Amino acid sequence: MYEYLVSEKKTLLKKRKDLEREDPFSDPGRTDDNAAVDTEVNEQMGHERVSAIREEVDKMLINVKKAMSRIKLGKYGICLNCGKLIDTDRLAVNPTAEYCMTCEKEIEAKNGEA
């Protein structure tokens, strides 16, 4: 599992770097350009799209790093809430899962996500 997470981390870091290149706002000459309004709007929309995707990638990267830390500490696959083992099928689908399904449902219900 650790090797998978290392690979996932590399993939996410590459995706983040690619997103930085895609962001229209990362072009240093952008501010010198007196672009038409429609070009500005397209750049703004492109920036917002890239920012939203980058935010999700960053969240995924944090979860991968946390899972890697739990593996190193010998606590991977143990629910952070109740201390019971997380079902292996759940971990196969979501290797960064921090909670067993019971606790996950309780947390989602408390947060109004259910």
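Could you pull out the pairs from K14/K59; K17/K59; K10/K65; K10/K84; K14/K75; K15/K65 whose alpha carbons sit more than 18 Å apart here?
Beyond 18 Å between Cα atoms: K10/K84; K14/K75.
Suppose each label sits 7 Å from its Cα in the direction of the beta carbon; what would the E48-E20 distance come out to in nanometres?
2.5 nm
Once amide H atoms are placed 1.01 Å from N in the peptide plane, what residues at a sequence separation of 5 or more from I78, or on another chain, have their amide H within under 5 Å of its amide H?
I86
Where a number appears in this text, it was derived from the coordinates with a stated rule and is not lab data. Keep in mind that what you see is a predicted model, and the values were worked out from it rather than measured. Here Cβ is always computed from backbone atoms with ideal geometry, including for glycine, and neighbour counts include all displayed protein chains.
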